[in-house]
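The values are calculated or read from the model by the stated rules, or taken from the named source; none is laboratory data. Please read these numbers as outputs of a predicted model, since none were measured by experiment. Because the Cβ atoms are built from the backbone with ideal geometry, glycine has one as well, and the counts that use them run over all protein chains shown. For the accessible areas, the whole protein counts, side chains as well, though only heavy atoms, and no ligand, DNA or RNA atoms are used. Shrake-Rupley method; radii C 1.70, N 1.55, O 1.52, S 1.80 Å.
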Amino acid sequence: MAKVPSAVIAASGLVGGYGVARWTRQRPLGGVVLAVAGAAAARQWRQQAGGVAAGALSAAYVAAFAGSHPLAKRVGAWPAVFGVAGAVGLTSWIVADRRNG
């Protein structure tokens, strides 16, 4: 079975976490989605690019989540979430997936 790229996992975690929180009105449930996807992506980042890269990408993932909140006040919630998810996904692909694809 083909491995799902870490870029897809990370971007999906950000989008999916927000979507679940919004549609269920249960922010903790969205947080679970965000955390599970982040942990899965971090595991792949460590395997593919090493511990330092995994730490940096994990920090970027958390920063993207946090940064989407003030960004949403300027551009709207969904555009902010899609923007940070795209940025994290692209960064993940460049650092980890591109070499192992």
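Values for this structure:
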| read-out | value |
| --- | --- |
| Convex hull volume of the chain per residue (C-alpha atoms, cubic angstrom) | 90 Å³ |
| Amide N of region 46-78 lying under 20 Å from the label point, which is placed 7 angstrom from the Cα of residue 29 along Cα→Cβ | 78 |
| Sulfur and carbon atoms: percent of accessible area, the chain [1.4 Å] | 67 percent |
| Accessible surface, per residue, of the chain when the full set of protein chains is kept, probe 1.4 Å, Å² | 60 Å² |
| Computed magnitude of the charge dipole of the chain (debye, nearest 20; Cβ of K, R +1, Cβ of D, E -1) | 120 debye |
| Percentage relative contact order, the chain, counting C-alpha pairs under 8 Å, at least six apart | 36 percent |
